[in-house]
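One structure is given below, encoded as structure tokens.
The values are calculated or read from the model by the stated rules, or taken from the named source; none is laboratory data. All values derive from a computational prediction rather than experimental measurement. Here the Cβ positions follow ideal geometry from the backbone for every residue, glycine too, while neighbour counts run over all protein chains shown. Surface accessibility is based on the protein's heavy atoms, side chains included, excluding ligands, DNA and RNA. Shrake-Rupley method; radii C 1.70, N 1.55, O 1.52, S 1.80 Å.
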Amino acid sequence: MRYAIVAFITFVFAAPVAFAANHIDLTGKMRPGLYEATTHMTIKGMGDMPAKTSKSCVTKEDLTDFGHWSKADPSAKITDVSLKGNHLHFKMTSNKGGGLTTMVDDIIFKDPEHYQFRGNISKDVNGQTYEMTMKSDAHRIGDCTDEQKK
């Protein structure tokens, strides 16, 4: 059980949370650069996990071709994509890492350098389903280095 939970958390934090819609250009909604996000997770039956702060590089390509990263996972499917004003909604499914993962997510662009992410995620591992909610607040902290853009 511990392995399943660790694998679940690893998948969620490894997923490029802020970049998950296809055929939508978000150039005007978000500025390329280095972002710092503080993420709070609650796993059903386990409660709140400690908050985690992470950094990620958002490139111009991420904004103009938002689904490009999903090509690395042939099982990934992005559906139910909508952009209304500053609110991006999408659903993503994947079989990567064993078991089906389903994410239903919303991103609110507060301004070009600040966004909020809200997601509901379920992961099937060995016949057991784990459910969690995620909330992130992120802000731009500077430019990405060439190394971070890779």
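Worth a mention:
- Of all residues in segment 79-109, those satisfying the criterion of being farther than 18 Å from Met132 by Cα, open to solvent by 20 Å² or more (accessible area, probe 1.4 Å) and in contact with a His (Cβ under 9 Å, 6 or more places away or on another chain) are Asp80, Val81, Ser82, Leu83, Ile108.
- Restricting segment 135-150 to residues that are on the phi < 0 side of the Ramachandran plot and either without any contact (Cβ under 8 Å) to a residue 60 or more places away in the chain or more than 19 Å from the chain's Cα centre (by Cα) (or both), the residue that is most open to solvent (accessible area, probe 1.4 Å) is Lys150.
- Filter pass, Thr38 being modelled with pLDDT of 65 or more and over 30 Å from Asn126 (Cβ atoms): yes
- Unmet requirement for Thr39, which otherwise passes all of (1) closer than 17 Å to Ile141 by Cα; (2) open to solvent by 60 Å² or more (accessible area, probe 1.4 Å): (2)
- Some residue of segment 50-62 being modelled with pLDDT under 95 and in contact with a His (Cβ under 7 Å, 6 or more places away or on another chain): yes
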